[in-house]
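Please read the structure below before turning to the comments.
The values are calculated or read from the model by the stated rules, or taken from the named source; none is laboratory data. Note that the structure is a prediction, hence the values are computed from the model and not measured. Reconstructed Cβ throughout: ideal geometry from the backbone, glycine too, with neighbour counts over all protein chains shown. Note: areas computed on protein heavy atoms with side chains; ligands, DNA, RNA excluded. Shrake-Rupley method; radii C 1.70, N 1.55, O 1.52, S 1.80 Å.
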Amino acid sequence: MANRGPSYGLSREVQEKIEQKYDADLENKLVDWIILQCAEDIQHPPPGRAHFQKWLMDGTVLCKLINSLYPPGQEPIPKISESKMAFKQMEQISQFLKAAEIYGVRTTDIFQTVDLWEGKDMAAVQRTLMALGSVAITKDDGCYRGEPSWFHRKAQQNRRGFSEEQLRQGQNVIGLQMGSNKGASQAGMTGYGMPRQIM
């Protein structure tokens, strides 16, 4: 963790807004899923943002999580280090983020390494883990372990095929978005620039 002093003014307000987005209930759900998904002897952390950060900070739990979403022998992170050196831990977090993006998590849903390492935005870490769970349950490849109701299934592509005849028929229909031509007439119209006749 970085050794920073307290923030003041606008920086403090911004940090407080970021911290308000953190969800303690979501933390419990994510911890339960990670422990169940990894199926290893992973200790349950005490509740709270700081404990959640400390639990994930070295990157080993995250790497085990992403590896568990692949079939045996196809893990994206072959060697997980239990090193206490800061740069090794940050490197493992980066490996997890890269593997999560390859797995299907959108770039906009992925947190920055410092968000976790320095505890700047733990809500972003939660969003990434939620997105990872959603992708895992959507893939439905048998690697997901956990309750199906924990994550939302992402929408799938639903292509439609129309015949040439159906497309031709569609060109003759006036869509309601374009309005209606019923009852339209030019009766009572006068030429432009003429004054209105009041009788």
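Using heavy atoms of the protein chains and a probe of 1.4 Å, the accessible area assigned to PHE162 is about 130 Å².
If you roll a 1.4 Å probe over region 10-150 with all protein chains in place, what percent of the accessible area is carbon or sulfur? Numbers along the way, then the final one.
Values: 3890 of 7540 Å².
Result for region 10-150: 52 percent of the exposed heavy-atom area is carbon or sulfur.
Report note on the peptides 64-73, 100-109, 9-18: ranked by the mean count of other C-beta atoms within 10 Å, highest first, their order is 64-73, 100-109, 9-18. Among the protein heavy atoms, those of ASP141 account for about 80 Å² of accessible surface (1.4 Å probe, every chain in place). Rounded to the nearest Hz, the phi-derived 3J(HN,Hα) couplings of region 42-57 under the Karplus curve 6.51 cos²θ - 1.76 cosθ + 1.60 (θ = phi - 60°) are 9, 6, 6, x, x, x, x, 4, 5, 5, 4, 5, 4, 5, 8, 4, where x marks glycine and proline.
Excluding ligands, DNA and RNA, the accessible surface per residue across region 10-150 is 53 Å² with a 1.4 Å probe. Distance from the C-alpha centroid of region 68-94 to that of region 26-46: 17 Å, rounded to the whole angstrom. Take SER163: with every protein chain present and a 1.4 Å probe, its accessible area is about 50 Å².
Checking the Cα-Cα distances for LYS88/LYS139; LYS54/LYS88; LYS120/LYS154 against a 26 Å cut-off, the pairs over it are LYS88/LYS139; LYS120/LYS154. Using only the Cα atoms of region 10-150, build the gyration tensor, take square roots of its eigenvalues as a ≥ b ≥ c, and label the shape rounded, prolate or oblate: rounded if a/c is under 1.5, else prolate if a/b is larger than b/c, else oblate. Prolate, since a/c reaches 1.5 and a/b exceeds b/c.
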